[in-house]
Amino acid sequence: MTLEVGVLGYRFMGKAHANAMARLPMFFPDAPEIERSVLVGRDETALEEAADRLGFESIATDWADVVDDVDVFYNLGPNHVHPEPSIAALEAGTPVFCEKPLAPTLETADVMAETARDAGDDVPAGCAFNYRFVPAIRYAKALLEAGELGEIHHVRGRYLQDWLVDSEAPWSWRNDAELAGSGALGDLGSHSVDLLRYLVGSDDLAGEIERVSGHLQTFVDERPVEGGDERRSVTVDDAYTAQLEFENGAMGTLEGSRFATGHKNDHTVEVHGSEGSLKFSLERLNELEVLRDGNRGYETILVTDEDDPYVDHWWPPGHVLGWEHTFVHENYEFLSAVADGREFAPSFADGLAAQQVLDAIEESDDRREWVTLE
């Protein structure tokens with residue numbers, strides 16, 4: 001059976017996922033057969049050009065005409081576009097893959113997750129946390145689950161970029177709370193929160209995040225609108241920090257910024273346990289630094305061996321992978337779950353769990369005190 005895929009959005013994430021879908025038959029021959037059927041957007045002229053370039057058979061300017069007419073629906077639009085089409089697709093029994101953060105607000109994310117639960121396990125609803133599919137992250141999770149780091153004491157997540165340092169950089173929907181929900185917190189922090197939950201969230205490691213203390217900061221209050229003299233207010237955070245307390249007593253820290261001069265896409269994670277530690281950086285995504293009990297320093301492991309996660313699908317050992325490969329792995333897992341009629345992780349429930357943490361961080365900043373998650 002060939003799965004007909006409809007995709008809303010054709011810019012950054014649209015290109016990333018279209019590229020991944022095109023690679024699947026070459027490198028993952030056991031992946032389900034798919035057809036890039038319909039590309040959805042508002043500008044018909046731009047849509048036609050994008051559909052031709054990205055390999056889609058047709059276009060549509062109204063998602064409502066698509067969600068119940070395809071086998072899979074990808075929602076890759078801006079944050080404020082996530083809820084309505086995703087909910088409609090799930091209500092029609094169509095599996096949904098939605099970009100992160102799941103929604104601009106916790107309340108809307110809760111509705112989306114509830115709709116996914118009502119749709120049933122055989123209608124997968126995936127949230128796009130692609131960094132779970134980095135081979136080195138999978139390797140790190142295996143070490144943690146095997147207990148090789150012992151009792152978890154410290155967990156750190158940091159995601160730094162600098163694309164907004166220039167105060168005259170143009171305004172976009174990402175600077176608007178109504179459209180984005182939040183700034184660096186939702187855009188970057190959602191990835192960090194999900195990775196920490198994925199790596200140490202099980203009961204025998206750190207457990208779930210129980211309470212948070214957060215600080216948000218906006219450095220530039222307004223920006224110019226591209227192509228004119230208008231300036232618009234920035235109503236989201238440019239940077240955030242947070243302290244975390246985990247269920248089993250581990251301490252955590254988070255940091256995210258779009259003002260970290262010199263950092264382009266620097267996502268790092270550290271875990272420190274009673275018997276060892278590990279460090280990962282997205283800027284060196286084929287490597288994992290591991291400190292084992294008895295060692296005097298960290299060992300740098302190149303995670304490109306044939307028996308490392310996903311690597312056997314690509315090149316000979318030592319030939320590194322890149323950022324785009326995470327989307328191939330992600331699409332392989334999601335589309336396979338759709339074909340098999342089974343659950344997929346990260347799910348809408350995972351998206352909601354991350355959103356609960358983000359909301360608590362924002363609430364903590366407003367109240368200037370620790371906030372306990374329900």
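So what's the net charge close to Leu160: Lys and Arg +1, Asp and Glu -1, counting the other residues with Cβ under 11 Å from its Cβ?
The answer is -1.
Where does the charge balance sit around Arg53 when Lys and Arg score +1, Asp and Glu -1, over other residues with C-beta under 12 Å from its C-beta?
Computed value for this residue: 0.
Let me make sure I get this right: for the range 181-327, a, b and c are the square roots of the gyration tensor eigenvalues over alpha carbons, sorted descending. Under 1.5 in a/c it's rounded, otherwise prolate if a/b > b/c, else oblate. Which is it?
oblate
Sorting Thr115, Thr218 by accessible area (1.4 Å probe), largest first, what list results?
In descending accessible area the options line up as Thr218, Thr115.
Please compute the net charge surrounding Arg174, taking Lys and Arg as +1 and Asp and Glu as -1 over other residues with Cβ under 9 Å from its Cβ.
With Lys, Arg at +1 and Asp, Glu at -1, the net is -1.
For Lys100, list long-range residues whose amide hydrogen, built 1.01 Å from N in the peptide plane, is under 5 Å from its own amide hydrogen.
Sorted by chain and number, the residues that satisfy this are Ala128.
Roughly how many whole Å is it from the C-alpha centroid of the range 90-148 to that of the range 1-73?
Their Cα centres are 20 Å away from one another.
What order do you get for 188-195, 353-360, 174-181 when each peptide is scored by the mean count of other beta carbon atoms within 10 Å, highest first? Don't skip to the end; give the middle numbers.
On the way: 188-195: 27.0, 353-360: 24.6, 174-181: 19.2.
My ranking of the peptides, most packed first, is 188-195, 353-360, 174-181.
Packing-wise, with mean Cβ within 10 Å as the measure, how do 234-242, 305-313 rank, highest first?
Most protected by this proxy first, the peptides run 234-242, 305-313.
Taking Lys15 as the anchor, which lysines have their alpha carbon closer than 23 Å to its alpha carbon, excluding any fewer than eight residues away along the same chain?
Excluding near neighbours in sequence, the set is Lys100, Lys264.
How far is the Cα center of the range 308-374 from the Cα center of the range 216-251, in Å?
22
Return the tail of the calculated pair distribution for the chain, meaning the percent of Cα-Cα pairs more than 26 Å apart.
Working: 36862 of 69751 pairs.
More than 26 Å apart: 53 percent of the Cα pairs in the chain.
Amide H to amide H, which residues 5 or more places from Glu151 or on other chains are under 5 Å from it, using H placed in the peptide plane?
Ser274, Glu275
Among the GluC sites (Glu not before Pro) within the range 187-256, which fall in a DSSP loop and have no more than 15 other Cβ atoms within 10 Å of their own Cβ?
Within the range 187-256, the qualifying GluC sites (Glu not before Pro) (loop, at most 15 other Cβ atoms within 10 Å) are Glu226, Glu230, Glu247.
Using Cα pairs closer than 8 Å and at least 6 residues apart in sequence, work out the relative contact order for the range 257-374, in percent.
11
First obtain the Kirkwood hydrodynamic radius of the range 230-270 from its Cα pairs, then insert it into the Stokes-Einstein equation at 20 °C and 1.002 mPa s, and state the resulting D in µm² per second as a whole number. Don't skip to the answer; put the middle values down first.
Details: Rh = 12.9 Å.
It comes out at roughly 166 µm²/s.
Which whole-number percent is the relative contact order of the chain (Cα, under 8 Å, 6+ apart)? Intermediate values should be presented prior to the final figure.
Details: 842 pairs, mean separation 77.4, N = 374.
The normalised contact order for the chain reaches 21 percent.
Given the peptides 298-304, 50-56, arrange them by the average over their residues of other C-beta atoms within 10 Å, most packed first.
50-56, 298-304
Report relative contact order for the range 59-189 in percent, whole number only (criteria: Cα-Cα under 8 Å, sequence separation at least 6).
24
Hey, any idea what % of the chain's accessible area is carbon plus sulfur with a 1.4 Å probe? Could you put the intermediate results ahead of the total?
On the way: 7200 of 16430 Å².
Here it works out to 44 percent.
For n ≥ 4 DSSP H runs only, could you compute -39500 (n - 2.57) per run for the chain, divide by its residues and tell me the 222 nm figure to the nearest 500? Intermediate values should be presented prior to the final figure.
Values: 10 runs with 119 residues, N = 374.
That comes out to -10000 deg cm²/dmol.
Efficiency by 1/(1 + (r/R0)^6): what FRET value for Glu49 and Ala146, r their Cβ-Cβ distance, R0 = 41 Å, to the nearest 0.05? Kindly include the intermediate steps, with their values, before the conclusion.
Numbers: r = 49 Å, r/R0 = 1.20.
So the FRET efficiency works out to roughly 0.25.
The values are calculated or read from the model by the stated rules, or taken from the named source; none is laboratory data. What you are looking at is a predicted structure, and each value in this text was computed from that prediction instead of being measured. Because the Cβ atoms are built from the backbone with ideal geometry, glycine has one as well, and the counts that use them run over all protein chains shown. In case anyone asks, the SASA skips ligands and DNA or RNA and just uses the protein heavy atoms, side chains included. Shrake-Rupley method; radii C 1.70, N 1.55, O 1.52, S 1.80 Å.
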